[in-house]
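A quick write-up on the structure given underneath.
Read-outs: derived from the displayed coordinates by stated rules, not from any lab. Please read these numbers as outputs of a predicted model, since none were measured by experiment. In this analysis, Cβ positions are derived from the backbone assuming ideal geometry, glycine residues included, and neighbour counts consider all displayed protein chains.
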Amino acid sequence: MGRLKVLSVLDTARTQYYHFKAIIIAGMGLFTDAYDLFSITPVMILLGRIYYAKEDGSEPGKLPLTMTSAVVGVSLLGTVVGQLIFGWLGDHMGRKKVYAVSLLLMVFGSMASGFSICHTKRCVLSSLCFFRFWLGVGIGGDYPLSATIMSEFANKRTRGSFIAAVFSMQGFGILVSSAVTMIATSTFNDGPSPPSDFRPHVGADLAWRSILMFGAVPALMTYYWRMKMPETARYTALVERNIPQAVRDMEMLLDISLNNIQWETPPHPPSHGLFSREFLRRNGRDLAGCAASWFLVDIVFYSTTLFQSKIYQSEDPGSYSACKEALRVARLQAIMAACSTIPGYWATVFLIDRIGRVKIQMMGFLVMAISLFAIGVPYYAYWHDPAINGWFYILYGLTFFFSNFGPNTTTFIVPAELFPARFRSTCHGVAGAFGKVGAIIGSVGFLWASQSDKKHSNGNSNGIGMKYSLVLLGGVCVLGFISTCLLTPPETNGRSLEDNENEEELEEKKMIRIEAAVIEAGRAEAGAVTDATARAVRAEAGVVTEAFAGAVRVEAGAVTMATAGAVERADGLLVLSPETGAVTEAFAGAVRAKVGVVTEAFAGAVRADETFQIEAGAVTEFAKLLRSRPVWASSRTPTISSITPVMILIGRIYYPHEKGLKPGSIPLAMKSFMVGIPLLGTVFEQLICGWLGDRMGRKKVYALSLLLMVSSSIASGFSICRTRNCVLSSLCFFRFWLGVGIGGDYPLSATIMSEFANKRTRGSFIAAVFSMQGFGILASSAVTMIVTTVFGHGASRPVDYRPPGEADWKWGLILMFGAVPALMTYYWRMMMPETARYTSLVELNIPQAVRDMEMLLDISLNNIQWEAPPHPPSHGLFSKEFLRRNVRDLFGCAASWLLVDIVFYSSTLFQSKIYGLTIGDPESYTAFREAFLVSKLQAIMAACSTIPGYWATVFLIDRIRRAKIQMMGFFFMSTCLFAIGVNYTYWNDDRMNTWFFILYGLTLFFSNFRPNTTTFIVPAKLFPARFRSTCHGVAGAIGKVEYVFWVSS
């Protein structure tokens, strides 16, 4: 059964007027949804003033928590019911037949909510909750139907943008609800501010009714077009199996002629039913991933949106009349919608078909988590210090921007693309229903949890306070990030919806193609050629015959190649004939080079009959590789080493002598904690990202580790509380997440570079990546010296050691600059392809590996036939068989890394202490001057020993064995440290002082021209592709965890 031609035409159809018309028709339901759900926030203020005011008018009334929970929760409960019912009806009755019904329910619910015409408090609120439940049912029905209809009308190239454009109408719904609220409250304003009597006028009662009833207008405007729109061609063809009707509908809508489309036999529908065992086997994991992500993002999104006025911590409500207070809340909602919510939606519209759904979702969860932590940890400080109040709005706006340019939009899109047509609407409804359950838990739970933890308010129970509630929401975002990583559905970007229907056929074709390739292996007599793929490759002298799955024999030159292993082969094989200069490539294509020129194969091994030296051609190829994707030079930021001078500044600022007679210093316990916490984060993420790199692919998680480093570097500088405990707690918190990002970069950078390089120069390339650490140390020292010089003040020997107030944020600049170099390479990390070794050996996708190589190395591989991918090993990670094969190598890598990190980080992070009296008495300098001197010494050591050590490794590691280099390095390091330590009296004799620097410099030189670099390189080469990143992460984590304990002790 082939793919239906009528649907193939739909997949490739150009964007036309009807697509935009469909966006408006489908989007108006989402517009009404947002209007009705988010207009309730200011309406609840009016209801509290009207029906819960004091009889004497002495205090403004306020809706009790139980009633607020009921008004908010009942409409969301209706949404859950509507998504399940209408999602199921959409698959059984058709999208069109029930689409108009959901719209009518929304119109009816909006109008009836405003006509809650009783005058007693109990009657008004009961009828309001009843009608808002039915409003929620209509809104819930619109979710799966709008998403499914738009996905089935769209072509595969722009489908994501079209569905995102439908969903973006929510942003305009929020904006219009705020505008209508501001107009209504201004029109029916019920008195001056502040009022002398808080009993509301009649105008307040008319205002909330008008606001709710206006929600029916935009929905009613599109009712006619919903009635006139046809059924989607995909539902008609695949579920109703009516091909002629699908053709007629497409001709009418898209204004194209399909006369050349023959009537086709509709495909046989799958035999399995919804939620059957076969359905769960095929779609259960995808449905769980969609539902989990939607559940978690709605907890955060609805909590922070529905109760914006509470988060903003507005002034005393007693200062305003009822309408004036509602107007203020609506104005804040409008500003946030215009500045962050709507831009977030439309960033998704423009970028989702370029970046992909999964990356946007992971990035959104991550930035939301960081923003909410940055808001929550110093929450109360924002309102006590007007100077930093603006940062709250910026961070809160970023939360909304990245929720919509992130999971809030992708969770709406992906379920409409993942499932077969006969289950699509139902599965979208199920995932959305889980999301709205999360919205109920989040909004109602947040309302109660955010109550003050110090006193009762209106008789309500104590909560945990706004600060911890926001931190808790940040933790939910972290869970969303993890769930996206672990339960990630396959990327649907550019994928046809019909791929969901033809799963069995595609698997069958793949197996037939592989089997045929293996059977057609050919054999040749001496001098004769039998080509299994009917083609030969001829070089200038001699004939090299290439068989896809068989044997190749050449009488002159005797090159015998067999897939069974007659010739040693790596992931690809490159045979170089120096006599003629011809290069025959069995996996990665034909490349020609002159004698003496080193030719690089992306995923291959080089064989030649003579030894080649590195000449101009090799340098050219290396430059070409870096130029094509400069991100491979690791963007390790200068964030770890910069903490040494920063701790000096923090000690002077937050631990000063009471009278300023002595310079302050951070206590040893806090210093150990500040150094150890990012390394602990490094341990955590080396394990997680190493594992994810093998499970999801190197590329998918590579950019995220960089984004985490950027976000955390910036957030570390924004530890803007004023109290010591708050500053140090928030700094340590963000540096933990900085360590998490750095830890993820270790296994991914090493593995990616090892898989991109050829075997002859692979060691040099990985060492060159690692050598960027040296430039990071140098850059951190330079930035620190610039900042401390520009902002330095005071005499060289100050009378008062208490630094001025403006000195506080200078150390933040040093830490924040660490984000700059990483941010500069973010684009290239997003654009880089997956490594060919991972694609071919783990994903078993040979054609994609070939395409990636063609793009990367700018060569044509059209002459390469498709190969049968190798069978993956049957044993799993840390199984008995794995341990038998790899445990000795893993143990050796981990032990070496453990020992060298103890020495390297101890001697690097505490250089100022090792230098002893070189800097002189700290009392002789201001805070800036002392930090400047330490940075200068760090820069001298980096330039004279650290960086030369790295680059000595780059040039020599492929000529000297790794084991020899590592052994020699440990030997010289121990010799130098013994010479320094035994006679640590260099400072008593100026003539001996220089010897200390020479020996200490040699220690750093040999640590980098030896074990510090080799421990990074070797794990990236020793293990199979499917375990490589994980094993590198395990070895690196053991190295870092031991140093954490060393620092603590």
(message) Less than 11 Å Cβ to Cβ from GLY173, Lys/Arg counted +1 and Asp/Glu -1: what total charge do the surrounding residues give?
(response) -2
(request) First measure r as the distance between the Cβ atoms of ARG248 and SER879, then evaluate 1/(1 + (r/R0)^6) with R0 = 45 Å and state the FRET efficiency to the nearest 0.05. (result) 0.20
(request) Using label points projected 7 Å from each Cα along Cα→Cβ, tell me how many nm separate ARG285 and ASP858, to one decimal. (result) 3.9
(message) Past 24 Å, Cα to Cα: identify those pairs from LYS324/LYS436; LYS121/LYS324; LYS671/LYS810, in the order given.
(response) LYS324/LYS436
(request) Net charge near GLU685: determine it from the other residues with C-beta under 12 Å of the C-beta of GLU685, scoring Lys and Arg +1 and Asp and Glu -1. (result) 0
(message) With θ taken as phi - 60° and the coefficients 6.51, -1.76 and 1.60, list the Karplus ³J(HN,Hα) couplings across segment 82-93 in order, rounded to whole Hz; mark glycine and proline as x.
(response) x, 5, 5, 6, 6, x, 5, 5, x, 7, 9, 10
(message) With the crude spin-label approximation of a point 7 Å out along Cα→Cβ, what separation in nm comes out for MET213 versus GLU59?
(response) 3.4
(request) Rounded to the nearest 0.05, what FRET efficiency do THR15 and LYS759 give with R0 = 45 Å and r taken as the Cβ-Cβ distance? Could you check? (result) 0.40
(request) Name the residues whose placed amide hydrogens come within less than 5 Å of the amide hydrogen of ASN242, ignoring near sequence neighbours (fewer than 5 apart) on the same chain. (result) ALA237
(request) Step through the table entries LYS156/LYS359; LYS700/LYS759; LYS936/LYS964; LYS359/LYS467; LYS964/LYS1021, compare each Cα-Cα distance with 22 Å, and write down the pairs that go over it. (result) LYS700/LYS759; LYS936/LYS964; LYS359/LYS467
(message) Taking 0.36 nm per residue of sequence separation and subtracting the Cα-Cα distance, how much length would be gained by fully extending the chain between MET831 and LEU668, in nm to one decimal?
(response) 54.2 nm
(message) Just to be sure I understand the model, the point goes 7 Å from the Cα along the line to the Cβ. What's the resulting ILE786 to MET968 distance in nm?
(response) 3.7
(request) For segment 953-959, just list the computed ³J(HN,Hα) in residue order, Karplus coefficients 6.51, -1.76 and 1.60, θ = phi - 60°, integers in Hz, with x standing in for Gly and Pro. (result) 5, 4, 7, 10, 5, 8, 10
(message) Let's test the formula: R0 of 56 Å, r as the Cβ-Cβ distance of ILE24 and THR723. What FRET efficiency results, to the nearest 0.05?
(response) 0.60
